[in-house]
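Notes for the one structure printed next.
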Amino acid sequence: MGKITVRNYRLLQDFQRVESFLKKEYQRKDHNGYFLPEFWEYAHTHPMFNPYKAHRMGIWEENGEILGVAAYEMDLGDAFLFAKRGYEFLYEEMLTYAEHELSVIKDGVRISDVWTTDQQKDVVELLESKGYEIIHDEAVTIYDYGQGFDEPELPKGFEILSLEEENDFEKIHECLWKGFDHGDQPDDDVDCRRLMQSGPHFRRDLSMVAKAPDGSYASFAGMWLNGENQYAYLEPLATVPEYRKLGLGKALLMRAMKKTKSLGANYCYGGMFEYYNNLGFVNAGMRRMYRRTWQK
């Protein structure tokens, strides 16, 4: 056994090494504390991701092997902690690191938020022992492919296309802008949608749109495949308000999941809302944010 060291994250050198570490250590029973490799990659290509503070993330290593990572999703203010199996003793040091490097100060009060799942027992016990309290929780949902795929018939004039077949960034931008209720007039940041497709594991053949009769995109589903661990990951899914309740989101999702099944996936991670339960996703645990505050 060599000496365990901790250092700052180097975005260009470490991104894929961390992703490989998360894939290698993945276990369905605790979902990596929801620190999934697809979650990691999607965050790095999201327009809200702050690369200028990414060096504050921490990496624990031994003889060049990653043993643990403390990171934020989009920016300082929250933290995800994940250690290699057998190295859970690192969590206390990782939490101290996160409190110093990944927390924020507001009105003279330091705020440390840490995400985990209810199945990540060692982290939960540590957080509770340090005075952290739950401030938010949401379901982790999974669709088991053994139940089949109930793909609804599309309304007349609509069609489903993969981004490999058609990939209009302006239409995607408008669909996601309206689909996430940002308003009727999207801004002109179309490049952010190109950025979101720039990750090394983004699959245009798996991500799909529902095209409306007028040629606009009515719904969008981004689908990721983790071939090593045989699951799929949905992010994002959105439907333009005027086209909701037509079964478009369900049709996209079922089509995309069915395709990932043909490529070896056995289940798919979905969203937290009741909508997903209605589609057949089941709650597989709780994802929780814990918070501790103290005077600066």
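For beta carbons closer than 9 Å, sequence separation of 6+ or different chains, a first residue in the stretch 84-98 that is over 11 Å from GLY58 (Cβ atoms) and assigned by TED's automatic domain parsing to the domain that holds LYS23 and a second that is among the basic types (Lys, Arg) and part of a helix (DSSP H, G or I), the qualifying pairs are LYS84/LYS24.
A count restricted to the stretch 140-151 and to residues that are part of a strand (DSSP E or B) and aromatic (Phe, Trp, Tyr) stands at 1. Under 9 Å by Cβ, and 6 or more places apart or on different chains, what pairs join a residue from the stretch 34-63 that is touching a residue at least 60 places away in the same chain (Cβ under 8 Å) and under 19 Å from LYS24 (Cβ atoms) with one that is basic (Lys, Arg) and assigned to a loop (DSSP other than H, G, I, E, B)? Close Cβ pairs (under 9 Å, with a partner that is basic (Lys, Arg) and assigned to a loop (DSSP other than H, G, I, E, B)) amount to GLU62/LYS3; ASN63/LYS3. Against the list (1) under 20 Å from the mean Cα position of the chain (by Cα); (2) modelled with pLDDT of 95 or more; (3) within 30 Å of ALA98 (Cβ to Cβ), the condition PHE273 fails is (2). Exactly one residue out of LEU127, LEU154, LEU176, LEU161 is of a type in the set (A, V, I, L, M, F, W, C), part of a helix (DSSP H, G or I) and over 27 Å from ARG85 (Cβ atoms), and it is LEU176.
Hey, among the residues in the stretch 84-101 that are assigned to a loop (DSSP other than H, G, I, E, B) and in contact with a Leu (Cβ under 6 Å, 6 or more places away or on another chain), which one's farthest from ALA54 (Cα to Cα)?
Among those that are assigned to a loop (DSSP other than H, G, I, E, B) and in contact with a Leu (Cβ under 6 Å, 6 or more places away or on another chain), it is TYR87.
Residues that are within 15 Å of MET48 (Cα to Cα) and of a type in the set (Phe, Trp, Tyr) were ranked within the stretch 147-204; the one that is farthest from the chain's Cα centre (by Cα) is TRP177. Does ASN63 fit the bill of being farther than 22 Å from MET286 by Cβ and either within 12 Å of the chain's Cα centre (by Cα) or in the same structural domain as ASP122 (by TED's automatic domain parsing) (or both)? Yes: the conditions hold for ASN63.
Have a look at VAL209, VAL240, VAL190 and point out the one that is surrounded by 14 or more Cβ atoms within 10 Å (Cβ to Cβ) and either modelled with pLDDT under 95 or within 30 Å of ASN32 (Cβ to Cβ) (or both).
Values: VAL240 fails: either modelled with pLDDT under 95 or within 30 Å of ASN32 (Cβ to Cβ) (or both); VAL190 fails: either modelled with pLDDT under 95 or within 30 Å of ASN32 (Cβ to Cβ) (or both).
Selected residue: VAL209, the only one of VAL209, VAL240, VAL190 that is surrounded by 14 or more Cβ atoms within 10 Å (Cβ to Cβ) and either modelled with pLDDT under 95 or within 30 Å of ASN32 (Cβ to Cβ) (or both).
The values are calculated or read from the model by the stated rules, or taken from the named source; none is laboratory data. Keep in mind that what you see is a predicted model, and the values were worked out from it rather than measured. Cβ: placed from backbone, ideal geometry, glycine included. Neighbour counts: every protein chain shown.
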